[in-house]
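Scroll down for the structure; my scribbles are underneath it.
The values are calculated or read from the model by the stated rules, or taken from the named source; none is laboratory data. Owing to the predicted nature of the structure, the values given are computational and were not obtained by experimental measurement. Virtual Cβ from ideal backbone geometry, glycine too; neighbours counted across all protein chains shown.
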């Protein structure tokens, strides 16, 4: 289909988000779900004794997919009501069933129930993406679990870690997000058929005052639409805190991804780890040599949008009046779908980066060895104490020599000569050869390799084991 270049189109549509998520928030998904809900309502009302016929239900099912949008849009221009316009359009296609479509229901029956169904489907897609990203990062962590690298606190050199151990920090954030997602997804309920103010008064009238049939109608509609139950109470709409809870999960994923993208961008500047860079990719229009971390930057940029988007359902939930107001409608149409499209875009980027990370172990080693003399001083000092030295005297002398070596590095741009200074100082009584034995980077990473292995084997893999059917996502991005 040719693109209309005369109107604004969301970057999520053609540039960032995937087809499955785009379909989940498409008009076809929405309005076909409306018709499925109307069918579920008609079936339930027939099952509970109302005068709805099999012929009418069959007619509704025959036109569940082929929506006559032109009729609905023309009608909406006249009545200014989207739900009644689609009731009218469906009735044109189903003349025998026209009189029972939407029987006893209010607009929220199709609108709110569909919103819940869309969010559930969206969370399913996000779940699948999360599983795949965690799986790729776990492979990466195990591959590099033993490779020492300089760790940072305050972005200042600190005790070494391993590349794999650092990756477990990224994974752990996503595992928290996965837990939050599963909890919120599992808590979602359908609105059901609650009527105009949530009292089910219209259905109580239809069922001649039978309260049990009203409750049973909710239960049956929920089951037909793939849910265990409906919310116990509501106004005309489900509580808008539901939208906030869902977008809180999406915001959490954006936070985790942003943190990862920051780390990759910093590591790429240090030339230690790079995101994938294609052979024909251009880093800069002016500087041909540049290899900009475009994917990580885009991830951070979209994450900023998703994190700020959480304010929309926050304000909407806080400012609803009594059983409902309509000032949520336009906001929800934008904020909820775009949060999902944003996170879908983020996780597609995350998957692509995790699948193609390039590690330069020699550069990592170079950075580590440049700082190792300072970090090795504790071990050197302990070794010298074993040889008969005084711990306090040695500590003071190391402090003085460290200042001297640090000045040489920072002010003169020369290599760190701290170890030569220690070897030449009679206070220590240790040779350069003996010092070298204390400079194996593996001596300074603590339990990092074992922590990495234990975390992946004991925490991550058992969690992922039941989701093998969700694996296999492609790690490609559109542009």
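Is it the case, given these coordinates, that residue 393 is assigned to a helix (DSSP H, G or I) and either farther than 24 Å from residue 179 by Cα or touching a helix residue (DSSP H, G or I) at 6+ places or on another chain (Cβ under 7 Å) (or both)?
Details: assigned to a helix (DSSP H, G or I): yes; either farther than 24 Å from residue 179 by Cα or touching a helix residue (DSSP H, G or I) at 6+ places or on another chain (Cβ under 7 Å) (or both): yes.
When the stated conditions are applied, residue 393 passes them.
Does residue 122 fit the bill of being modelled with pLDDT of 95 or more and outside any helix (DSSP H, G or I)?
Numbers: modelled with pLDDT of 95 or more: yes; outside any helix (DSSP H, G or I): no.
In short, no.
From the list 406, 413, exactly one residue is surrounded by fewer than 16 Cβ atoms within 10 Å (Cβ to Cβ) and modelled with pLDDT under 90. Which is it? Lay out the reasoning, then the answer.
Working: 413 fails: modelled with pLDDT under 90.
Just a single option satisfies the conditions, and that option is 406.
Being more than 25 Å from residue 110 (Cα to Cα) and either assigned by TED's automatic domain parsing to the domain that holds residue 253 or modelled with pLDDT of 95 or more (or both): is that true of residue 201 here? Give the steps one after another, and end with the answer.
Numbers: more than 25 Å from residue 110 (Cα to Cα): no; either assigned by TED's automatic domain parsing to the domain that holds residue 253 or modelled with pLDDT of 95 or more (or both): yes.
The answer is no for residue 201.
Can you tell which of 265, 240, 245, 219 is farther than 25 Å from residue 175 by Cβ, in contact with a helix residue (DSSP H, G or I) (Cβ under 7 Å, 6 or more places away or on another chain) and either modelled with pLDDT of 95 or more or buried (at least 21 other Cβ atoms within 10 Å of the Cβ) (or both)?
Being farther than 25 Å from residue 175 by Cβ, in contact with a helix residue (DSSP H, G or I) (Cβ under 7 Å, 6 or more places away or on another chain) and either modelled with pLDDT of 95 or more or buried (at least 21 other Cβ atoms within 10 Å of the Cβ) (or both) holds for just one of 265, 240, 245, 219, which is 240.
Determine whether residue 472 is at positive phi and in contact with a strand residue (DSSP E or B) (Cβ under 8 Å, 6 or more places away or on another chain). Talk me through it step by step, then tell me what you get.
On the way: at positive phi: yes; in contact with a strand residue (DSSP E or B) (Cβ under 8 Å, 6 or more places away or on another chain): no.
So residue 472 does not fit the description; no.
Answer with yes or no whether residue 348 is in the same structural domain as residue 245 (by TED's automatic domain parsing), under 24 Å from residue 263 (Cα atoms) and part of a helix (DSSP H, G or I).
Values: in the same structural domain as residue 245 (by TED's automatic domain parsing): yes; under 24 Å from residue 263 (Cα atoms): yes; part of a helix (DSSP H, G or I): yes.
Yes, satisfied.
Looking only at segment 199-226, count how many residues are assigned to a helix (DSSP H, G or I) and farther than 23 Å from residue 120 by Cβ. First the steps, then the outcome.
Looking only at segment 199-226, we keep the residues that are assigned to a helix (DSSP H, G or I), and these are 201-206, 211-224.
Narrowing the set further to residues that are farther than 23 Å from residue 120 by Cβ leaves 201-206, 211-214.
The qualifying residues number 10.
Here's the yes/no breakdown for (1) in contact with a helix residue (DSSP H, G or I) (Cβ under 9 Å, 6 or more places away or on another chain); (2) over 15 Å from residue 36 (Cβ atoms):
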residue: 58; (1), (2): no, no
residue: 61; (1), (2): yes, no
residue: 67; (1), (2): yes, no
residue: 71; (1), (2): yes, yes
residue: 75; (1), (2): yes, yes
residue: 78; (1), (2): yes, yes
residue: 88; (1), (2): yes, yes
residue: 94; (1), (2): yes, no
residue: 100; (1), (2): yes, yes
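Just one of (1) part of a helix (DSSP H, G or I); (2) surrounded by fewer than 21 Cβ atoms within 10 Å (Cβ to Cβ) trips up residue 146, so point out which.
(1)
Is at least one residue of segment 378-390 part of a loop (DSSP other than H, G, I, E, B), closer than 24 Å to residue 134 by Cβ and touching a residue at least 24 places away in the same chain (Cβ under 8 Å)? Before you say what the answer is, go through the steps one by one.
Looking only at segment 378-390, we keep the residues that are part of a loop (DSSP other than H, G, I, E, B), and these are 387-390.
After this cut, where a residue has to be closer than 24 Å to residue 134 by Cβ as well, the list is none.
No, that holds for no residue.
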